[in-house]
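Below is one structure; the comments refer to it alone.
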Amino acid sequence: MSTNEFNKCDGEDWLYSDIVKEHFFHPQNILIDDKDYVADGIGVTGSPLCGDMMAVWIKVDRDKNVITECKWRTFGCASAIASTSMMSVMVVENGGMDLHKAKRLTPEAIIERLSGLPDRKYHCSVLSHLALREAIDDYQKIHAKK
Ligand code: FES
């Protein structure tokens with residue numbers, strides 16, 4: 001890549017918001033070792049665009065049908081880390097998000113709470129909500145059988 005080509009990329013689209021930086025440098029609810037963590041649902045997904053992976057673990061209050069804990073781990077980039085950290089905060093704040101609402105959580109809603117992401121990083125934010133949906137499906141499959 002020439003210097004000119006690099007300079008073309010050196011615009012607004014490369015800037016991260018302060019909220020993205022805060023969640024990247026201080027990620028919330030990350031789970032480094034899941035060996036002793038007992039989850040109610042687990043979701044794992046990968047990005048066909050970059051090959052990165054994401055795992056999400058949830059705990060659910062069965063009476064209220066809300067998410068009480070959301071843990072995660074990823075091989076993804078700074079945008080994936082910040083997006084998933086924010087998602088994990090959003091689904092447990094205010095007493096926990098209802099499972100139906102959590103399943104409808106969109107990357108756009110997460111990006112809005114982050115005050116934006118570079119366009120080319122949209123696919124990174126998708127990983128967290130897809131893994132969350134998998135974790136909710138996993139929980140619902142297990143509890144539908146009981
Ligand atoms: Fe793979 Fe961001 S480039 S998650």
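Only the coordinates and a few stated rules stand behind these numbers; no lab work does. Computed from a predicted structure; not experimentally measured. Cβ atoms come from the backbone with ideal geometry, glycine included; neighbour counts cover every protein chain shown.
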- prompt: Any idea what angle helix 78-90 forms with the longest principal axis of the chain, computed on alpha-carbon atoms, 0 to 90 degrees, nearest 10?
  reply: 40
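Here are some pairs, Lys35/Lys59; Lys35/Lys103; Lys59/Lys101; Lys71/Lys103; Lys71/Lys101; which of them have Cα atoms lying more than 20 Å apart in this structure? Mind dumping the intermediate values first?
Numbers: Lys35/Lys59 15 Å; Lys35/Lys103 26 Å; Lys59/Lys101 15 Å; Lys71/Lys103 16 Å; Lys71/Lys101 18 Å.
Violating the 20 Å Cα-Cα cut-off are Lys35/Lys103.
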query: Amide H to amide H, which residues 5 or more places from Ala39 or on other chains are under 5 Å from it, using H placed in the peptide plane?
result: none
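Extension gain Asp98-Val38, at 0.36 nm per residue separation less the Cα-Cα distance, in nm?
Numbers: separation 60, 0.36 × 60 = 21.60 nm, distance 2.02 nm.
Length gained between Asp98 and Val38: 19.6 nm.
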task: Hey, could you get me the Stokes-Einstein D for the stretch 25-146, Kirkwood radius over alpha-carbon pairs, 20 °C and 1.002 mPa s, rounded to whole µm² s⁻¹?
output: 151
- prompt: How do Lys121, Lys64 line up, fewest other C-beta atoms within 10 Å first?
  reply: Lys64, Lys121
- prompt: How are the Cα pair distances of the stretch 91-146 distributed, in percent, across 5 Å bins from 0?
  reply: 4, 17, 24, 23, 16, 9, 4, 2, 1
field: Dipole of the chain, positive end: most advanced residue of Ile110, Met86, Ala55 [Cβ charges, Cα centre]
entry: Ala55
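Based solely on its DSSP helices, what 222 nm [θ] is calculated for the chain when runs of n ≥ 4 H residues each add -39,500 (n - 2.57) and the sum is averaged over all residues, nearest 500 deg cm²/dmol?
Numbers: 6 runs with 62 residues, N = 146.
Using -39500 (n - 2.57) per qualifying helix, the result is -12500 deg cm²/dmol.
Calculated FRET efficiency, Arg120 and Lys64, Cβ-Cβ r, R0 35 Å, to nearest 0.05?
Working: r = 39 Å, r/R0 = 1.11.
Plugging the Cβ-Cβ distance into 1/(1 + (r/R0)^6) gives 0.35.
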